[in-house]
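For reference, the structure is listed below as structure tokens.
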Amino acid sequence: MNLEEFQKEYDILQKKLSNLNKSGLSLNRKEFAQSSKRLAFLQEVIEKIKEKEEIEKNIKENEEILKESDDEELKKLAHQDIKDLKKKKQNLEKEIEEMLNPKEELIDKILMEIRAAAGGEEAALFARELFEMYQKFANKRGWQLSVFACHPTDLNGFKEISFEIKGKNAVDDLRYESGVHRVQRIPVTEKSGRIHTSTISVAVLPTPKEKDIDIKPQDLRIEVYHSSGPGGQYVNKRESAVRVTHLPTGLVATSQSARTQVSNRENALKILNARLYQKQRKEEEKKIGAKRKSQIGTGERAEKIRTYNFPQDRITDHRVKKSWKHIEEILAGNLEKIVGALKAKLSQ
């Protein structure tokens, strides 16, 4: 299938989904989910094919320079460009091939949400630091991280940020990060040198399978709006953001960081699915009176699980009653010791 065929299918499917609200969301749940997923897939394939074609065009231009130019320095640059471009083309062709012919591989998907709680701007600033800690840890692990929604503050902190992590053992390594993280330090805005205590909540939401959660298209209200405010790379100000409301529960999910409205809608639906799945699991556990072992704790946001004490350069996880020095090193993504201690103690 060539670019034209992909583009034709994409245009037809996009028109179909765009008319859902006007037609009363006539698709059933399975068709809606499949169509949204297919549309996001087509968009990614089209972007990569266009990028490949642009690279091929640049290669030809450089080859013309080699044929026609007498400038040795220019020819040398053209030769290097061709070498670099061919490598990029090869990598893109491999990515496209893997997308069109995916291999069966067990890859974890996990949604994380970080919110500033008590502490105002200081909490928002540390929420950003926590996100960047997980981002660096993900990079070290070779995981893929995608930001879905971000609500920044004027001082470049985060009121809230939602993101997905995909990679081998991601669930196993990050499942115990859920809870309230407490930070004790002197804020940059503090003039009298007093130590402040702020709190940040981290939610780790398992990504449900399609059969785990039942969302009817007619129960969704999908709205488009323009994202705004600071946030740098985490906020896409040029494209339309999407807000999805699940009418029966009132749960709302937003996404504004993807390039297109279609991708933002897909991301918002992922967040909504995870939140509904978490709500469903809570209700089921409550009904059967499920209780966890006391040493594990609930893992909910209301539980203070960890303290970052900057004056004493110490991080303490209260569930395993263990502390580590060198906060800055850990915030740089070196979570291995903490993750190992949590898995050894809490997975028993």
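What follows draws every value from the coordinates through simple rules; no lab data is involved. Predicted model only: the values in this text are computed from it and were never measured. FYI the Cβ positions are ideal-geometry reconstructions off the backbone, even for glycines, and counts take in every protein chain you see.
Numerical summary
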item: Residue 279 versus residue 2: modelled label distance in nm, points set 7 Å from Cα along the beta carbon direction; result: 4.8 nm
item: Likely footprinting exposure, 277, 176, fewest C-beta neighbours within 10 Å first; result: 277, 176
item: Residue order, fewest to most surrounding Cβ atoms within 10 angstrom, among 317, 70; result: 70, 317
item: Alpha carbon centroid spacing (whole Å) that separates the range 56-90 from the range 319-335; result: 48 Å
item: Taking 143, 324 and counting other C-beta atoms within 10 Å, the order from fewest to most; result: 324, 143
item: Which listed pairs, of 15/270; 270/337; 16/94; 321/343, have C-alpha distances above 25 Å, in listed order; result: 270/337; 16/94
